[in-house]
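The block underneath contains the structure these notes are about, expressed in C-alpha cells.
Each reported figure results from applying straightforward, stated rules to the coordinates on display, with no laboratory input. Because the structure is predicted, anything quoted here is derived from the model rather than measured. Neighbour counts run over all protein chains shown; Cβ positions are idealised from the backbone, glycine included.
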Amino acid sequence: MTKSAKTPGVVRQQIASLSPSQRNILLFAGMGLLLIIVGIVQSWNVAFSILNMCLISAIMALGVNIQWGYAGLFNVGIMGFAALGGLAAVVVSMPPVEAAWAAGGLGVVAGLAIGIVTLLVSMLIWRRGQGWGRWRYAVTGGVVVAGYVLMRMLIDPSTMAIEAVDSARTGYLGGLGLPIMLSWVVGGLFAAAAAWVVGKISLGLRADYLAIATLGISEIIIYVLKFEDWLSRGVKNVNGLPRPVPYEVDLQNNSWFVALAEDMNLPLVDASSLVVKICYALLFTVVLLAILWLSETALRSPWGRMMRAIRDNETAANAMGKNVTRQHLLVFVLGSAVIGIAGAMLVTLDGQFTPTSYQPLRFTFLIWVMVIAGGSGNNWGAVLGGFLIWFFWIEAEPIGLWFIDVLTSGLPPGHWLRLHLLESAAHTRLMTMGVILLLVLRFSPRGLIPEARR
Amino acid sequence: MESALNALILIGNYIVVPGLAYGCQLALGALGVTMIYAVLRFSNFGHGEIMSFGTMLVILATFALQSAGLSIAPLPTALLALPVGIIGAIGLCLLLDRYVYKFYRQQRASPVIYLIVSIGTMFIIGGLIRFIIGPQDRNFADGERFIVKASAFKANTGFSEGLAIKTAQGVTVLTTFAVVGLVFWFLNYTRTGKSMRAFADNEDLALLSGIDPDRVVRITWIITAVLATIAGTLYGLDKSYKPLVYLHLLLPIFAAAIVGGVGNPLGAIAGGFVIAFSELAITFAYKKVAGYLIGDGVLGDGLLQLLSTDYKFAVSFLILVVVLLVKPTGIFSGKTL
C-alpha cells in the first residue's frame, strides 16, 4: 500500500532529476514502446504502416517548425504545400500520355507561358507607373484582363481535347516517366515556388495576413487539383504510381523470399507487405534524418542565431541591420519546401493521388497540433510531436468508440442517444484536437521537448 | 431596346439580386470579425464556426416550432427562432472568452498566439456542431419562397427573361439594414459604444479614463455573437445549412474585412459587397447577355465566363491579394472603430 502510493512521486522525482537529453531519450523510447505494443497486440503490419505515416508527419512537422519555431511565422496552408508535393509525384513519375500531348500539349504550354508573361508585364508596368495616377490602375488592369482572356482562349480548347483522350484511363497529360524518388525533390521545389509567391505578397505586413493568405492559397491549390483534369485527372484520381520499392507480387514469386517467409514463420502475403513497409520505413528514415541534421545544423549556425533574434525582437534585429522581411521570406520558403517533400513522400507511399483526400483538418491543423504539442522551436520536439500525435490520431477513433460504448452501456442497445453518439464518434477527432491544442497552449506552451536555452 | 432590357434583367436576376443578399450576409460576418479585431486585436478564425453554431441552434428551434405548429407565414419560421440562436451564441462566446481568451489577455500574449487559440476554438465548436446536428445539408427555409416569381414577372411585363426575388433575399436585405443601423447607432451615440471606440482607438488612454476593459470586451463578444448568428441564419435561409460550407465562408469574410480595412465597421460592410459582387460577376457566364446585346454566336460559342464557378472562392483570394499588394490598409484605411 505505502509502496504503491509512493511510487508515482518517486518516479516523478526521478524524471525531474533527469537531464534534458536523458528525458528526451526516455520520451522517444516511450514512443517506440507504443509502436511495439501495437505490433504485438494488433499486428506488425499495422505498426509499420503507423510508423511510415509517423515518419512523414514528422517531416511535415519539421517544415512547420522551421517556419513557426525559428521565425514565428504562422502558416495555415500546410495542406496546399503538401498537395503540391503530391502533384510533383504524379508529374515526375507517371508515363507521359502521348496522345494527350499531341491533342493539346502545345496549347496548354503556350497558354501557361502567356499567363506568366502577362503577370511579369503587368508587374513591370505597375512598378514603372508610379507617376501615372489613375492610368496606372487602368493600364495594369487592362494588361491583366487582356492576357487572361488570351490565355483562356488558348488553354480552353486544348484542355478539352486533352480531357477527351481516353478519359476513363488517362484524360490528362501524364508525367515525365522519371523515377518517383526524384519527385521528392521536385515536390519541395513546387512548394517552395508557391511559398515564394505567397510570402512575397503577405510577409512584411501583419502576422494575420500571412495566415489568411496561406489559408486562401491552400484552398485554391486544392480546387485547381480537383477541377483541372488535364493536370491531375481531378476527382478521377491518379492510380498506380510507380514505386521506389519492390512490389508484393514480385516478392511472392521470388524463391528466396518464399524461403525467407518460411524462416520468419509468417504467411507469404503478410511477409511481403511487411517487407515493403519496412523498405519504405528505411527510405523515409533516411530522409527524416537528413532533414533533421540539416535543420539542427542551421539552427546552431550564426544564421539560426539571427533567426531567433528576429523572432524574439524584430525591431532590435532590424536595428542591427538584418533584413527581417527577407529572412522571413527565406525561412518561409525553406519550411514550405520541406512540407512539399513530405507531401510527395506521402503520395509515393499511398501509390495514388487523390485531390479530395486533402482536408484542412488532417493536413494543416493536425500538423500544427504536432508542432505545438511536441515543442515549438525544437526540431526533436517536432519529430516527437509528429510521431505521438499521428499515433493518437489513428488510435483516437477506436478509443472514442470504446469510450462512448462504456458511457452508454446503461442504455438499451437501440436507444437513439446511443446510436447518435456512436454515429458521431468520428467527429470526436475534431474536438479532441482542439482540446489538445488549447490545453497545451495554456498549460505547457513550450511543449513536450521545449526549445533549448542557448 | 427590348433585348437590352432583357440583358439588364438577366444581370439583375443573376448578379444584382443574389449579390445584394450575399453581400449583406458577408457584410454582417465581416462586421463581426472586424469588431473583434478592433477591440481584441486578433483575427478570429473561429468566427465561421460561431456563425454555424448560432445557425444550428436556430435550426433546432425552428424544427421545434414547426412541430408545435407555430409559424409566422409568409415569413420563415427561422426569424421567430432567431433569439434562441442569438442567446446560445452569446453564451458560447462569453464562455470562450472567460475560459480561453481571458488568460491570454492577462498574459498580454502576442496576436499570433490568439490566432492559434482561435483555431483551437474553431475545432472545438466545429466538433460540437457535427456532434449535435451532424455534417449533412439541412434546409430550414419555410413560408412563402418568392416575393417575385420569375414566371409571374414574365407574364406581367412581357419580357422573355424573368426576375426572381426570393423571400430569403428580401428578408436578408431588410434585416441587414436594420441590424447595421442599430450597430452604428450604438457605436456612435451610446455611452457604451463610445467607450468601445475609445478602447479600440487607444487602449491605454481608455483605461486611464476609467473605461472597464472587461465590460468592453464582453459587449464586443455579445455584438459579435448577435451579428454572427444573424449572418449565419440569413445565409442558411438563402442557400442551405451545411457545417463545411460555413467553414469555407471564413475566407470571403476575412477578405471582406481586409478589403474594407480591418477594424473599420464601414469598411467591413463595403468589403462584403465588393467581394459578393465580384464573386458573382466574375463567375457569371455572359453568353446569354452577349446574345441579347450583340446577337447570338458573334463571340463564338464559349460561355463567356471569366472564371468557372468551381473557383468562386478564388475570387475572394484574388481580391485579397490585390488589396495586399496595392493598399494593405484596405479601402477605408482600417484600424479605427
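Taken about its Cα centre, chain A carries a charge dipole of roughly 2060 debye when the Cβ of each Lys and Arg holds +1 and the Cβ of each Asp and Glu holds -1. The listed peptides B:26-37, A:202-213, A:272-283, ordered by packing as a protection proxy, come out as B:26-37, A:202-213, A:272-283 (highest mean of other Cβ atoms within 10 Å first).
Legend: mean number of C-beta atoms from other chains within 10 angstrom of residue C-beta atoms, peptide A:431-444, equals 5.
Note down the relative contact order for chain A as a percent, whole number, built from C-alpha pairs under 8 angstrom at least six residues apart. RCO, chain A: 29 percent.
Post the alpha-carbon centroid distance, the range A:339-400 to the range A:24-99, in whole angstrom. Here the two parts' Cα centres lie 6 Å apart.
Packing order of peptides A:337-347, B:321-331, highest average first: A:337-347, B:321-331 (average count of other Cβ atoms within 10 Å over each peptide's residues). The lysines whose alpha-carbon is closer than 30 Å to the alpha-carbon of B:Lys194, local same-chain residues fewer than 8 away aside, are B:Lys102, B:Lys327, B:Lys335. For the residue pairs A:Lys236/B:Lys287; B:Lys154/B:Lys312; B:Lys166/B:Lys288, the C-alpha atoms sit more than 26 angstrom apart in A:Lys236/B:Lys287; B:Lys154/B:Lys312. Of the residues A:Val109, A:Ile399, A:Ile125, the one whose Cα sits farthest towards the positive end of the charge dipole of chain A is A:Ile125 (charges of +1 on Lys and Arg Cβ, -1 on Asp and Glu Cβ, taken about the Cα centre). Listed by chain and number, the aspartates and glutamates whose C-alpha is less than 18 Å from the C-alpha of B:Lys239, apart from same-chain residues fewer than 8 away, are B:Glu49, B:Asp137, B:Asp142, B:Glu144, B:Glu279, B:Asp310. For A:Ala146 and A:Met123, the FRET efficiency from 1/(1 + (r/R0)^6), where r spans their Cβ atoms and R0 equals 22 Å, is about 0.90. Between the residues B:Ile219, B:Asn139, B:Val180, the greatest Cα displacement towards the positive end of the dipole of the range B:2-326, with unit charges on the Cβ of Lys, Arg, Asp and Glu, is found for B:Ile219. Distance between the 7 Å Cα→Cβ label points at A:Val139 and B:Ala155: 5.7 nm.
For a straight C-alpha distance cut-off of 17 angstrom, the aspartates and glutamates reachable from A:Lys200 (same-chain residues fewer than eight places away being disregarded) are A:Asp208. For the range A:97-173, a crude dipole built from +1 on the beta carbon of Lys and Arg and -1 on the beta carbon of Asp and Glu, taken about the Cα centre, is about 640 debye to the nearest 20.
Taken about its Cα centre, the protein assembly as shown carries a charge dipole of roughly 2460 debye when the Cβ of each Lys and Arg holds +1 and the Cβ of each Asp and Glu holds -1. Residue by residue along B:244-252, Cβ atoms of other protein chains within 10 Å of the local Cβ number 2 on average. Exposure proxy for A:Cys54, B:Cys24: other Cβ atoms within 10 Å of each Cβ, ordered fewest to most, give A:Cys54, B:Cys24. For the peptide A:210-223, the mean number of other protein chain Cβ atoms found within 10 angstrom of a residue's Cβ is 5. Evaluate the relative contact order of the range B:2-326 (contact order divided by residue number), counting alpha-carbon pairs under 8 angstrom at least 6 apart; express in whole percent. Once normalised by length, the contact order is 33 percent.
Using a cutoff of 8 angstrom between alpha carbon atoms and counting only pairs six or more residues apart, the relative contact order for the range A:165-297 works out to 20 percent.
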